[in-house]
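Readers should treat all values here as calculations from the given coordinates under stated rules, not as data from a laboratory. All figures in this text were calculated on a predicted structure; none of them were measured in a lab. Cβ: placed from backbone, ideal geometry, glycine included. Neighbour counts: every protein chain shown.
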């Protein structure tokens with residue numbers, strides 16, 4: 001973790017993952033990589049979307065991709081309020097995402113448009129104030145999202161998703177919402 005306030009989390013998470021039988025990988029690079037806030041697995045594909053910005057570097061993702069022989073699509077975050085990829089993009093199903101295009105560089109927007117056929121744009125105000133893009137779809141049909149993201153939820157329903165609004169107000173104060181409250185996937 002880049003920020004001192006979060007570094008204390010690392011040993012606890014590492015122990016929990018190792019206890020679950022997962023292997024821990026130490027990167028050789030000293031570049032920053034904050035993992036699953038900036039690394040999003042694409043549902044139904046062996047593909048990782050990687051946020052490049054204030055919390056994770058291109059070099060660290062490059063090393064991870066090479067060491068794991070993993071296809072990685074890098075997206076550059078350009079809006080300071082969206083510090084992790086999971087604040088600007090939610091992969092809802094194999095062919096659908098929820099996103100805030102202006103949080104990404106133009107070449108990154110073009111990649112999303114090329115690789116994800118159905119894109120639902122989050123309401124800009126709700127993305128900023130309620131982290132609407134920090135939503136989660138555990139099954140490609142249901143979407144968990146912060147309560148009060150009414151315009152974004154309406155767009156999700158219009159696209160055929162069942163929306164479940166959750167109260168994460170206390171968690172919002174620390175800069176996260178639904179997606180940040182899960183450990184894996």
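Annotations for the structure displayed:
- When peptides 158-164, 70-76 are sorted by average Cβ neighbour count within 10 Å, with the highest value leading, the order is 70-76, 158-164.
- Computed per residue of the chain from DSSP H runs no shorter than four, each worth -39500 (n - 2.57), the mean residue ellipticity at 222 nm is -8000 deg cm²/dmol.
- Of the peptides 91-101, 4-14, the ranking by mean beta-carbon count within 10 Å, highest at the top, reads 91-101, 4-14.
- DSSP beta bridge pairing in the chain, given as percent antiparallel to the nearest 5: 40 percent
- Once you reduce the stretch 139-185 and the stretch 72-117 to the center of their Cα atoms, the two points are 17 Å from each other.
- Rounded tilt (10° steps) of 58-68 against the dominant C-alpha axis of the chain: 70 degrees
- Rounded to 10°, Cα long-axis angle of helix 9-19 versus longest principal axis of the chain: 80 degrees
- Paired Rg and Dmax values of the stretch 42-139, which use every Cα atom, in angstrom: 12.9, 39
- Residue among 64, 172, 22 with the largest mean-square fluctuation in a Gaussian network model of the chain, springs linking Cα atoms under 10 Å: 22
- The smallest convex shape that holds all Cα atoms of the chain, its convex hull, gives 119 Å³ per residue.
- Convex hull per residue volume in Å³, alpha carbons only, for the stretch 1-65: 101 Å³
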